Amino acid sequence: GPARARGGPGAAPRHHERAAAATERLGFPGATALHLLHLAKAQLAAGDPAAAATLERAAAGAERAGDRRLLTQTRVTRAELLLTAGHRAAAHELLVAADRWYTESGAGEGAELARELLRRAEQA
């Protein structure tokens with residue numbers, strides 16, 4: 001993406017770290033959680049073990065903001081992390097709940113990823 005063109009693979013995580021810190025100072029937990037979710041996804045893609053702790057912060061922020069969609073997205077990303085680490089049963093549990101939430105809430109952003117990961121978790 002454009003972040004990579006500007007400053008190598010480390011540019012996107014740094015951007016999200018700065019943005020999360022700024023929105024946190026301003027008192028916007030939802031915006032902070034969204035930046036932390038993007039940071040966690042970048043960390044996950046880079047194989048950075050900090051992804052799990054970043055996700056915890058994103059989930060806590062989404063809960064504080066009362067943003068159910070964002071909270072569900074953090075759970076889908078946590079499931080992705082669990083799948084990568086081979087924790088299929090734990091991932092499956094999160095994904096079944098996420099998929100149910102998306103179905104009840106009229107799908108939207110993240111629904112397709114949740115379903116795709118659920119299929120992966122169900123393969124033996």
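The values are calculated or read from the model by the stated rules, or taken from the named source; none is laboratory data. Only a predicted model underlies this, so the values are computations on that prediction, with no experimental measurement involved. Methodologically, a virtual Cβ is constructed for each residue, glycine included, from the backbone with ideal geometry; neighbour enumeration extends over all protein chains shown. Accessible surface areas use protein heavy atoms only, side chains included; no ligands, DNA or RNA. Shrake-Rupley method; radii C 1.70, N 1.55, O 1.52, S 1.80 Å.
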Of all residues in the stretch 61-98, how many are without any contact (Cβ under 8 Å) to a residue 12 or more places away in the chain and aliphatic (A, V, I, L, M)? 3
Go through (1) more than 14 Å from LEU82 (Cα to Cα); (2) modelled with pLDDT of 95 or more and name the single condition ALA46 misses. (2)
Please list, ordered by first then second residue, the pairs with beta carbon atoms under 7 Å, 6 or more apart or interchain, first in the stretch 99-116 and on the phi > 0 side of the Ramachandran plot, second of a type in the set (A, V, I, L, M) and buried (at least 18 other Cβ atoms within 10 Å of the Cβ). GLY110/VAL76
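Mind listing whichever residues of the stretch 65-97 are of a type outside the set (Gly, Ala, Ser) and in contact with a Gly (Cβ under 8 Å, 6 or more places away or on another chain)? Step through it out loud before you land on a result.
As a first pass, look at the stretch 65-97 and keep what is of a type outside the set (Gly, Ala, Ser): 67-78, 80-84, 87-88, 92-96.
Within the stretch 65-97, ASP67, ARG69, LEU70, THR72, GLN73, VAL76 qualify.
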Of all the residues that make up the stretch 16-30, how many are within 21 Å of ARG78 (Cα to Cα) and touching a Gly at 6+ places or on another chain (Cβ under 9 Å)? 3
Give the residue that is least open to solvent (accessible area, probe 1.4 Å), with candidates limited to residues of the stretch 67-110 that are more than 16 Å from LEU37 (Cβ to Cβ) and polar (S, T, N, Q). SER105
How many residues are surrounded by fewer than 15 Cβ atoms within 10 Å (Cβ to Cβ) and modelled with pLDDT of 80 or more if we restrict to the stretch 1-29? 7
